[in-house]
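Everything on this sheet refers to the single structure shown next.
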Amino acid sequence: MNIIISKLMWKNGSRINQYLFAVIITIPLLSFGMVQGWLSPMISVLQSSNGPAPVPFTSSDISWMTSVTYITAIIFGAPMGHLTDRYGRRAMTLITTLSLIIYWQIKLICLEPWALILARAVAGIPCSACYIILPIYLKEISDIDLRGALGSLLILNRNIGYLMSYVLADLLDITTMLWIGFLVPTVVFFIFFVMPETPEFLVKQGKVDEAKSVLAWLRGVPVTDRSVEQDIDTIVKVEKQTKAEQKSVWKIIWKDRPTFKAFIITLVIKITQQFDGYLIVLIYAGFVTEKAAESITFKLTPNKQVMMIGLVQLFGSIVATCIVERTGRKLLLVSTSFAVGVGMLILSAWFYFTGLGSWLPGWVPVVAMCVCIFADAAGFQPISYIIITDLFTFQLRGTVSSFANICAKLSNFIQTKWFTMVCELISIHWTFLFFAIVSFSACIYTVIAFPETRHKSVEEIYAKLEKKKERAEVA
């Protein structure tokens, strides 16, 4: 372990190192939140003849700039899990942070359409990596009773990044904002050089003694502590068993019944969360508030609108961080997916009846939109990332995370590319009704199939899945 880090040792079992490390690990996602948040308030500015770009952006430029990230995210995301397992969590996090530095550097050098499209293409790397590597890194440095709370820091920091971009775009000139965006990943990049690798990956590399030192450092206990010895022995045992069986990752997933069931649960939760409509509500929030303003004196500038959304998201993330270890994953997932469904159903009904010429209060869709955004940030979204690290051993996490990420980015691309066309074809209220049905389906599926994973090891979770399978077969 790095000599600098080894000096930061809190005694008496203090786990402050885990909290500090978790915050540092999630800062690349804060930076990516700034990347995504920068786009919303800047689109109208870039299209203006008085904007910072040498020439105004066309609709085609904006379309490519918004969608190209998801294309490159799918391309770079496919091998990300394998590379994470091969080269380590820290090395891949450094590469992720470097890609964020390159993104901001391109925009500082040039603001022409081709340059911003190129920067957005580079952003596809952290768009995948932040959601594949960072959850694994976080899980493997967290004690079992902290991994939910620390895992929820991912979405919390990302939403802080969103809000930072919204506020900075309203207060600062574009060059100053870009320099701040560049500074965040640059500082973190050098900090990561002294951060340790995870104990589980070190065991996989045969560095058992170093793994013990890192785990002891994370827990604030001596290397000779009995709990450290026991946990490292368990990791070593799992690693030896995996090597002895010599099965490919996908063969384990397909052949082992509890693992396969966990894989299906992960995909169902991940895909339904991506299709719950939160992304569309975020993108088209201005459209909703504009429609609402027709029946109430509710006027907000576009920047104030996105700041309101950012605050709602951030509040939801804070709630998730505070309660996820108290409520458990299942209850939080059921309640928030149901709340998103209710919000989408209200939006659907409001657009349907106002489309028929009926008068309905303008505050209704604004409140419904805020409920959707809050509920998604408070549980549906963070849990969809936490369960991947809860349900799989360290040998499988990278591959499952990559596959789930590909599904997520395909979902994002489909929605951002074809939402407008679908709305014109079947009208917007049917689209929101579809999102409501997806959310309610996720709620019902969670009640039936999802096992509670709070404070449970993978072995305990799989034992529960196996019992469910046996009961189903008997019935």
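Which residue out of Ile235, Ile271 is under 18 Å from Asp390 (Cα atoms) and crowded, with 20+ Cβ neighbours inside 10 Å?
On the way: Ile271 fails: crowded, with 20+ Cβ neighbours inside 10 Å.
Exactly one of Ile235, Ile271 is under 18 Å from Asp390 (Cα atoms) and crowded, with 20+ Cβ neighbours inside 10 Å, namely Ile235.
When region 105-155 is examined, which residues are found to be assigned to a loop (DSSP other than H, G, I, E, B), open to solvent by less than 10 Å² (accessible area, probe 1.4 Å) and under 30 Å from Ser49 (Cα atoms)?
Filtering region 105-155 down to residues assigned to a loop (DSSP other than H, G, I, E, B) leaves 110-112, 123, 141-146, 152.
So of that shortlist, the ones also open to solvent by less than 10 Å² (accessible area, probe 1.4 Å) come out as 123, 141, 152.
Of everything in region 105-155, just one residue is assigned to a loop (DSSP other than H, G, I, E, B), open to solvent by less than 10 Å² (accessible area, probe 1.4 Å) and under 30 Å from Ser49 (Cα atoms), namely Ala123.
Could you list, ordered by first residue, the pairs with Cβ atoms under 7 Å in which the first is in region 88-108 and without any contact (Cβ under 8 Å) to a residue 60 or more places away in the chain and the second is among the β-branched types (Val, Ile, Thr) and open to solvent by 10 Å² or more (accessible area, probe 1.4 Å), at least 6 apart or interchain?
Here the result reads Ser99/Val122; Ser99/Ile125; Ile102/Val122; Ile106/Val122, each pair linking region 88-108 to a residue that is among the β-branched types (Val, Ile, Thr) and open to solvent by 10 Å² or more (accessible area, probe 1.4 Å).
If you go through region 453-465, how many residues are in contact with a helix residue (DSSP H, G or I) (Cβ under 7 Å, 6 or more places away or on another chain) and open to solvent by 60 Å² or more (accessible area, probe 1.4 Å)?
Within region 453-465, residues that are in contact with a helix residue (DSSP H, G or I) (Cβ under 7 Å, 6 or more places away or on another chain) and open to solvent by 60 Å² or more (accessible area, probe 1.4 Å) number 1.
With the checklist (1) within 22 Å of Ala211 (Cβ to Cβ); (2) at pLDDT below 90; (3) not polar (S, T, N, Q) in hand, flag the one item Tyr87 doesn't pass.
(2)
If Val35 meets every condition in (1) free of Cβ contacts under 8 Å to residues at least 40 places away in the same chain; (2) within 30 Å of Pro382 (Cβ to Cβ) apart from one, which number is that one?
Going through (1) free of Cβ contacts under 8 Å to residues at least 40 places away in the same chain; (2) within 30 Å of Pro382 (Cβ to Cβ) one by one, Val35 breaks only (1).
For Leu300, state whether it is in a helix (DSSP H, G or I) and either over 30 Å from Lys456 (Cβ atoms) or modelled with pLDDT under 90 (or both). Don't jump to the end; show me each part of the working.
Values: in a helix (DSSP H, G or I): no; either over 30 Å from Lys456 (Cβ atoms) or modelled with pLDDT under 90 (or both): yes.
For Leu300, the condition - in a helix (DSSP H, G or I) and either over 30 Å from Lys456 (Cβ atoms) or modelled with pLDDT under 90 (or both) - is not met.
Does Ser348 meet the test of being small (Gly, Ala, Ser), more than 16 Å from Gln381 (Cβ to Cβ) and at pLDDT 90 or above? Break it down into steps so the answer makes sense when it comes.
Values: small (Gly, Ala, Ser): yes; more than 16 Å from Gln381 (Cβ to Cβ): yes; at pLDDT 90 or above: yes.
In short, yes.
Can you confirm whether Asp209 is open to solvent by 30 Å² or more (accessible area, probe 1.4 Å) and on the phi < 0 side of the Ramachandran plot? Write out each step before concluding.
Values: open to solvent by 30 Å² or more (accessible area, probe 1.4 Å): yes; on the phi < 0 side of the Ramachandran plot: yes.
Yes, satisfied.
Mind checking which residues of region 62-84 are out of contact with any Phe, Trp or Tyr (no Cβ under 8 Å at 6 or more places or on another chain), assigned to a helix (DSSP H, G or I) and at pLDDT 85 or above? Don't jump to the end; show me each part of the working.
We begin by selecting, within region 62-84, every residue out of contact with any Phe, Trp or Tyr (no Cβ under 8 Å at 6 or more places or on another chain); these are 62-64, 66, 68-69, 72-73, 75-80, 82-84.
Of the ones still in play, those that are also assigned to a helix (DSSP H, G or I) are 62-64, 66, 68-69, 72-73, 75-77, 80, 82-84.
Once the filter is applied, which keeps residues that are out of contact with any Phe, Trp or Tyr (no Cβ under 8 Å at 6 or more places or on another chain), assigned to a helix (DSSP H, G or I) and at pLDDT 85 or above, region 62-84 yields Val68, Thr69, Thr72, Ala73, Ile75, Phe76, Gly77, Met80, His82, Leu83, Thr84.
What are the pairs, 6+ residues apart or on separate chains, where a residue within region 332-352 that is closer than 13 Å to Ala368 by Cβ has its Cβ under 7 Å from a residue that is of a type in the set (Gly, Ala, Ser) and not in a helix (DSSP H, G or I)?
Sorted first by the residue in region 332-352, then by its partner, the pairs are Met344/Gly277.
The values are calculated or read from the model by the stated rules, or taken from the named source; none is laboratory data. Since the structure is predicted, the reported quantities are computational estimates derived from the model, not experimental observations. Here Cβ is always computed from backbone atoms with ideal geometry, including for glycine, and neighbour counts include all displayed protein chains. These area figures cover heavy atoms from the full protein model, side chains too; ligands, DNA and RNA do not enter into them. Shrake-Rupley method; radii C 1.70, N 1.55, O 1.52, S 1.80 Å.
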